[in-house]
Every structure is written in C-alpha cells, then in structure tokens.
Amino acid sequence: MDKVKRFFQHTWHWIFITLCLIIIGISCYLEYQAEVQQQHVDREVSDGKLSDQQLHENGILVLCYHRVVNSRLFADKFALALSNNDQLHEYSMPVSKLRYQIHYLRKHGVRIISMETAIRLIKTDQPLKHKYVVLTFDDVDETLTSNVYPLFKKLGNIPYTVFVVTSNTGRYDNGTRLATWRQLHKVLGNSNVTIGVHTNNMHYLVNNKPVLKYAKNYNQFRKDYQKSEEIIKKKTGHYTPYFAYPYGEGTNREQRYLVDHGMITFSLDNGIVTQRYDLSQPLPRTMVDNHSWKNVIKKWVNTDPSNN
Ligand SMILES: [Zn+2]
C-alpha cells in the first residue's frame with residue numbers, strides 16, 4: 001500500500017501533465033476536424049440567386065441535402081455538438097425542418113418528382129406547366145436510413161435520389177457514420193429511390209480546391225468513375241446515369257467524358273431546369289440551407305409565373 005502511495009506521490013504531476021496533453025491533443029484534433037469540415041461547407045454553400053427570368057419560370061428545381069439529424073437521438077446530438085458552428089448546423093438539417101419544407105412545398109402546389117420523371121420532362125419539347133422539385137441527398141450517412149427514409153415513407157413515398165461516394169460506405173466521417181450497403185439496400189428497396197454516384201474516392205480538396213478541378217487528375221478521374229460504376233452495378237444490379245460533382249465542380253474534359261458515357265451530371269449552382277436545358281451541361285442544384293431556403297427556394301415557389 002505504501003509503495004502505491006509513494007508511487008503516486010512521485011508521479012502524480014507526470015500523470016497530470018499527460019492528462020493535460022491528451023486533452024489538448026483531443027481539442028486540437030476536434031478543432032482541426034471542424035476547420036476541414038468548414039472548408040467543405042464554404043465550398044458547397046452557394047450564395048447565388050435566381051435571375052428575374054428564372055424566378056418567373058415554371059420548371060424543375062433540384063435540391064441538395066446532406067445530413068438530416070433528429071435532435072431527440074443521442075447519436076445525432078453528439079454529431080451536432082462536434083460541429084460547433086452555425087453553418088454546420090444548417091448543413092446538418094433537423095428532420096423537423098425537412099418535414100416543414102416538404103409540407104411547405106406541397107402546400108404551395110409544388111410537385112415533388114423523381115429524377116427519372118424530371119429527365120423525361122426535360123426531354124419533352126413541351127413547356128413545363130408546373131413547378132417541380134427533385135430531392136437529392138449527397139454523401140449519404142446513416143441519418144438517411146434513420147431519419148429521412150421513415151419520414152418520406154410516412155409522407156406518402158416521396159421520391160428522392162441519393163449520391164453515394166462508393167468507396168466510403170460504412171466509414172466514419174466527421175462524427176457520423178456513412179450508410180453501409182446493407183442500409184442503402186433497405187432504402188433502395190423503395191422503388192421511389194434513385195441512386196447516383198458522387199465519385200468512388202475523389203471527394204476531397206487539395207489546397208482548398210476540389211481534386212476534380214485539377215486537369216492533371218483526368219486519368220485518375222476516369223479510373224475512379226469506372227470503379228464507382230462497377231461497384232454500383234455489383235451492389236444494385238445496374239449502372240447509374242447520374243453523377244453529382246463533389247463541391248459542384250469538375251473540368252470540361254471530365255464533363256465531356258461523362259456525357260460520352262451517357263451520364264447526366266449535377267453542379268451546385270442555383271437555377272431552374274426547363275425543357276430548354278442542354279443535358280450535356282451539368283444541371284443546376286441548390287444546396288438547401290437557411291439562406292437558399294429564403295432567397296432562392298421560397299422566392300421561386302411564391303412568384304407567379306404568369307406575371308412574366
Ligand atoms: Zn458531397
């Protein structure tokens with residue numbers, strides 16, 4: 001007993017210093033993670049607006065969501081606590097807000113349609129007579145299965161599209177776990193859900209610039225794209241014609257390659273898609289946060305097209 005006491009008398013300050021260092025280390029790591037995540041958010045949040053013509057236009061608005069959290073669940077609370085700034089809280093949308101937005105869109109006569117229906121509408125040469133919304137979810141973490149899937153089922157099988165980073169399924173990322181293929185299969189079992197790719201493993205920044213924006217990465221991009229389609233085919237039995245650029249951007253050469261392979265691509269620029277749209281160009285998508293909800297989505301929903 002005396003030995004133990006003496007040991008602590010001699011070493012307590014070392015134990016104390018070690019504990020302090022561990023705490024400082026963890027705080028620095030969390031701070032670094034928040035900083036990295038913030039760079040991703042800054043890249044993806046667009047503060048653009050719709051032109052006057054677009055505001056008065058019927059057509060299709062493609063919306064982009066990420067994590068949808070349920071503040072009553074401990075794990076989601078933990079994920080929110082890890083991301084300690086306002087923008088991230090917008091990035092992680094509460095499921096109650098998503099529910100409200102769906103009700104709002106429906107109440108104002110907006111039709112929520114699947115990706116397939118949207119592409120069919122664009123390909124008809126007829127002017128679109130209504131306002132339509134396509135819902136998409138990027139990166140796809142576990143909150144898709146725990147929060148979005150049951151909500152959309154309950155609200156009448158709302159159609160939506162998920163853009164998956166095919167090599168990242170099941171991995172831990174910024175305090176959240178990305179959906180596993182098992183979970184994705186459950187979601188994709190619903191015929192109203194469409195799958196698209198968000199690269200196989202090229203969703204990161206190099207010197208604060210999306211890796212796909214570097215011309216020298218073209219060959220890596222081609223291999224990565226082929227791999228992502230191989231995985232999609234293996235897991236779902238079919239290829240997908242939909243590709244969402246991470247951070248909304250790529251090079252013209254990559255775009256040509258994707259179009260040559262029958263792909264329809266998506267950026268993160270604001271815009272209304274109409275039947276006039278050239279499908280060899282990336283289709284605009286609006287990332288939903290408080291700013292875009294107020295200044296882009298609600299404005300368009302509430303503007304009468306006949307006023308043009
Ligand atoms: Zn993404």
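The values are calculated or read from the model by the stated rules, or taken from the named source; none is laboratory data. A quick note: this is a predicted structure, and the numbers were derived from the prediction, not measured. Cβ placement follows ideal geometry from the backbone for every residue including glycine, while neighbour counts extend to all protein chains displayed. These accessible areas exclude ligands, DNA and RNA; they are computed on the full protein's heavy atoms, side chains included. Shrake-Rupley method; radii C 1.70, N 1.55, O 1.52, S 1.80 Å.
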statement: When every residue in the stretch 249-266 that is within 16 Å of the ligand (Cβ to nearest atom) and open to solvent by 10 Å² or more (accessible area, probe 1.4 Å) is compared, the one nearest to LYS298 (Cα to Cα) is GLU249
- prompt: Within the stretch 270-303, can you find the residues that are open to solvent by 70 Å² or more (accessible area, probe 1.4 Å), charged (D, E, K, R) and either more than 20 Å from GLY196 (Cα to Cα) or touching a Gly at 6+ places or on another chain (Cβ under 6 Å) (or both)?
  reply: ARG276, LYS294, LYS299
field: Residue among VAL134, VAL110 that is away from the ligand (no atom under 16 Å from the Cβ), modelled with pLDDT of 95 or more and farther than 29 Å from ASN201 by Cα
entry: VAL110
task: Kindly indicate the residue of the stretch 114-131 that is assigned to a helix (DSSP H, G or I) and under 16 Å from ASN192 (Cα atoms) and also farthest from the ligand (Cβ to nearest atom) among those meeting that condition.
output: ARG120
- request: Give the number of residues within the stretch 46-66 that are within 16 Å of the ligand (Cβ to nearest atom) and more than 13 Å from the chain's Cα centre (by Cα).
  value: 1
Residue in the stretch 180-195 that is farthest from the chain's Cα centre (by Cα), counting only those that are open to solvent by 20 Å² or more (accessible area, probe 1.4 Å) and hydroxyl-bearing (Ser, Thr, Tyr): SER191
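Conditions tested, residue by residue: (1) outside any helix (DSSP H, G or I); (2) at pLDDT 95 or above.
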{"site": "ASP224", "(1), (2)": "no, yes"}
{"site": "ILE232", "(1), (2)": "no, yes"}
{"site": "PHE243", "(1), (2)": "yes, yes"}
{"site": "TYR247", "(1), (2)": "no, no"}
{"site": "GLY250", "(1), (2)": "yes, yes"}
{"site": "ARG256", "(1), (2)": "no, yes"}
{"site": "THR265", "(1), (2)": "yes, yes"}
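Tell me, which residue of the stretch 140-173 that is open to solvent by 40 Å² or more (accessible area, probe 1.4 Å) and not in a helix (DSSP H, G or I) is farthest from ASN201 (Cα to Cα)? So that I can check it myself, show each step before the final result.
Start the filter on the stretch 140-173 by keeping residues that are open to solvent by 40 Å² or more (accessible area, probe 1.4 Å), which leaves 142, 146, 150, 153-154, 156-157, 171-173.
Still in the running and not in a helix (DSSP H, G or I): 142, 156-157, 171-173.
Values: GLU142: 19, GLY156: 34, ASN157: 31, ARG171: 12, TYR172: 14, ASP173: 13 Å.
The qualifying residue farthest from ASN201 (Cα to Cα) is GLY156.
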